[in-house]
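Presented below is the structure to which this report refers.
The values are calculated or read from the model by the stated rules, or taken from the named source; none is laboratory data. No experiment lies behind these values; they were computed from the predicted model shown. Every residue, glycine as well, gets a Cβ built from its backbone with ideal geometry; the counts of neighbours run over all protein chains shown. Note: areas computed on protein heavy atoms with side chains; ligands, DNA, RNA excluded. Shrake-Rupley method; radii C 1.70, N 1.55, O 1.52, S 1.80 Å.
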Amino acid sequence: MTQHTFYMERAIALARRGTGLVNPNPLVGAVIMKNGRIIGEGWHVRYGELHAERHALQNCTEDPAGATMYVTLEPCCHHGKQPPCTEAVIAAGIRKVYIGSRDPNPLVAGKGMALLRQQDIEVIPDFLRKQCDSLNPIFFHYITEKMPYVILKYAMTADGKIACAGGASRWVTGEAARVHVQQTRKRVAAICVGIGTVLADDPMLNCRCENPSHPVRVVLDTNLRIPLNCQLVQTAKEIPVIVFAHQPDPEKSRLLKERNIIVLDAPLEGKHVSIRECFSMLGQHGLDSVLLEGGASVHAAALRAGCVDLVQVYLAPKLFGGDGISPVGSMGIMAPDNAVLLSKPEITPIGEDILLEYHRKESR
């Protein structure tokens, strides 16, 4: 390992500390090195607060003039919640900058590197780019597509069932896998289910982990059937809830709004609210990512609409048999050539279970 790799890997580790706290901004870390020693380090701690470069400069233990900075994402050069990081890097007298990821935001997109070079700062781009890019699939997707990054997640047995014939599903996977799911909940801006899941399970859909960051709870509820006494409604003042319905009943909407529920009118696609339009509205509300835990019919609707970007399958060493419940409902696929295509999976053992992660591919 070279010293440059060491410093960038440290920046990557720092960036991860902002998980769940900076959306819809990216995860970014920065390390400042001078005379072979780290003199400052920082990360984007929380949305609206200092960016990683300014945080690292603020934390410097000595004058950074002449130092080298390692930053996981191209420094911004525009005014947002914070002033441009390029200005701070230039003013500090940094002489060399190693950059991991390129920023696809049209307001940056190479302009940050160009500004640094105009000030005779040496710029080394694409350093450990693959590792740095892996920090921000959510940000890259959201900034370029203007749609939330959608993760479809389910736990199933080795014979492909998410529940027994009677509907019992606690627990398909072991404790380690369930803990891992909470880290995904912490990472995303919203978690979404269908009304069937709410009526059957009365879930909280909160994040149960150390230093939690609770996602906005979202319910797809065409006919506005959500009970006033369910856990989501009862806790809406602590953790926000958005309900999508079609031409919702005014009186029921009023009662829900009194309990801090946001009710949004969504168009129909067939007999149910359009999941693509619902997700588009979430993106317009600044929610950059959605964890979909919606049940078989909702999963099928999202896949049919082409909304899913990543499929997370927790595979348990159990068998429920043919009368169990499948993770994806009917999609009307009559031939293998019409299947939804997924990438080769990334495989991660988690306790007694296995996590399979597939990226959605474009259909042939």
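Taking the criterion of being in contact (Cβ under 8 Å) with a residue 24 or more places away in the chain, over 21 Å from P227 (Cα atoms), outside any loop (DSSP other than H, G, I, E, B) and of a type outside the set (A, V, I, L, M, F, W, C), the residues of the stretch 250-278 that qualify are E269, R276. A search for C-beta distances below 7 Å between a residue of the stretch 94-110 that is more than 23 Å from A67 (Cβ to Cβ) and any residue that is not in a loop (DSSP other than H, G, I, E, B), counting only pairs 6+ apart in sequence or on different chains, returns P104/F140; P104/I143; P104/T144; N105/I143. Residues of the stretch 10-20 that are surrounded by fewer than 18 Cβ atoms within 10 Å (Cβ to Cβ), under 19 Å from the mean Cα position of the chain (by Cα) and of a type outside the set (S, T, N, Q): A13, R16, R17. Scanning the stretch 104-128 for residues that are under 14 Å from E87 (Cβ atoms) and either open to solvent by 60 Å² or more (accessible area, probe 1.4 Å) or in contact with a Leu (Cβ under 6 Å, 6 or more places away or on another chain) (or both) turns up K111, L115, Q118, Q119. So in the stretch 332-342, with the set limited to residues that are in a loop (DSSP other than H, G, I, E, B) and over 15 Å from G306 (Cβ atoms), which one is most open to solvent (accessible area, probe 1.4 Å)? The extreme case among them is M334. Under the condition of being open to solvent by less than 30 Å² (accessible area, probe 1.4 Å) and polar (S, T, N, Q), the residues counted in the stretch 28-81 number 2. Every condition in (1) in a loop (DSSP other than H, G, I, E, B); (2) closer than 22 Å to P148 by Cα; (3) open to solvent by less than 20 Å² (accessible area, probe 1.4 Å); (4) touching a Pro at 6+ places or on another chain (Cβ under 6 Å) is met by G286 except one, and the failing one is (3). Only one of L152, L135 is more than 30 Å from C76 (Cβ to Cβ), modelled with pLDDT of 95 or more, among the aliphatic types (A, V, I, L, M) and buried (at least 21 other Cβ atoms within 10 Å of the Cβ). Can you tell me which? Every option except L152 fails the conditions.
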